[in-house]
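Since the structure comes first, as structure tokens, the remarks are kept for the end.
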Amino acid sequence: MEPPEFKVLHVSPRVQARGGIETLHAFHRAWPGRPEFVALFDRDPLPRSGYANLDFTWRTPLWRMRRSFARLLARHPGSLVIYHNGWGLPLLHDLDRAARRVVFLHADPAYHAADLPAFAGLVDGVIGVTPALREPVLRTLRGMTDERLTIVRAPVEVPAGCRARPRGAGLVLGYAGRLERAEKRLDQLPALVAALDRSGLDCRIELLGEGPLRPWLERRLGDRVRLHGWVPKDEFWRIMSGWDAMVMFSEHEGGPIALLEGMALGLIPFYPAQQGSWADVYVPQVDARCHYPPGDMPALARAIGQVMLQPAAQLAATRERAQVLVAGHRREEYESACRGCLRRVAELPRLSQDRRRRFRLTDGLPLGVVTRWVPAALH
């Protein structure tokens, strides 16, 4: 007998935005079967078939979130629902009318540690973006097996002929991503600039991205750093190909995709040793000095000087190692792994259950208040 075929429905914090999860949604939209997307918090939604935005904010009370979600998901009964980063899963799952549920984990184990126990019994499968997730997922989610868990490599697609072509007049260090303190830790950048200045290293720093820290960075660093903002993808590749290296300061990542893209171009990656992302797997293999102690900007500045001032032949070999390491991050392999997981989940007996949720007094509170003061009310 043929296995059941389910409509795939993605539930994500944001769909029309810039970031790692949103980058992957562009690949998901090309999957066969015309998957549908539900955004919870999109601020700038675009008209698109197969897409709906619930327009939640931190002021939305929980009861209204549940009502809006139930009304929208009533149009998609019997779907295989993918909850990206598990957002909303404990609060909303009993309203989704799903035939199967999968949680897609986009970050490292430390990021998901507090939430994983709340997913137990609610999902039939897990997709994770880093190998470090395998052990905590199998240990924490009862009934989860290797058949139901898939670790994927986020696809990296560099335009044909595009590669790093540093400008030659001093080093250019780049960063790509959100300009924020939370998770990305861009508040550490001024300390790095100061450490580089003390070292006497001739370098410039360029940033691709936007975020709440931009005004602060402009005040602190002035013309010491060039801020490009968000740019179209072709401009993104043009700017990045002029860099020598990429620096990141993140507390939590799964890829990060921007760093993998830079490595595919041949940029030297510098990344804090958090022990959880693909970067933690690859960067030490590029050069152990690139995997610097988290938060130690003098150590990072020293590493940049030691690695980037190597003889040309050694530096070229280091760039080549970076490119070879990410060569397996291909679109076709990513799609095959993801869809293979969904197919197995569809064929296996249902594991997930619904935990019916009665109205609580805390459901009248805004999401922002609940998240900060009574997070247990989300479960």
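About the centre of its Cα atoms, region 171-325 shows a dipole size close to 240 debye [charges on the beta carbon of Lys, Arg (+1) and Asp, Glu (-1) only; nearest 20 debye]. Packing around the peptides 149-156, 82-89, 320-327, taken as the average count of other Cβ atoms within 10 Å per residue, puts them in this order, highest first: 82-89, 149-156, 320-327. Relative contact order for the chain: 19 percent, from Cα pairs under 8 Å spaced at least 6 residues apart, divided by residue count. Taking the dipole about the Cα centre of the chain, with the C-beta of Lys and Arg at +1 and of Asp and Glu at -1, give me whichever of M248, I127, S199 is farthest to the positive side. The residue sitting most towards the positive pole is I127. Its Cα gyration tensor gives the chain an equivalent ellipsoid. The semi-axes, each the square root of 5 times an eigenvalue, are 38, 23, 19 Å from largest down.
Packing, taken as the mean count of other beta carbons within 10 Å per residue, orders the peptides 294-303, 170-179, 260-269, 22-31 from highest to lowest as 260-269, 170-179, 294-303, 22-31.
To the nearest 10 degrees, how steep is helix 331-347 against the longest Cα principal axis of the chain, on a 0 to 90 scale? The answer is roughly 20 degrees. Stokes-Einstein diffusion for region 171-325 at 37 °C, viscosity 0.692 mPa s, with a Kirkwood radius from C-alpha pairs, works out to 214 µm²/s.
Taken together, the values in this text are just the output of simple stated rules run on the coordinates, not laboratory data. Just so you know, these numbers come straight off a predicted model, no measurement behind them. Please note: Cβ atoms are built from the backbone with ideal geometry, for glycine as well, and neighbour counts cover all protein chains shown.
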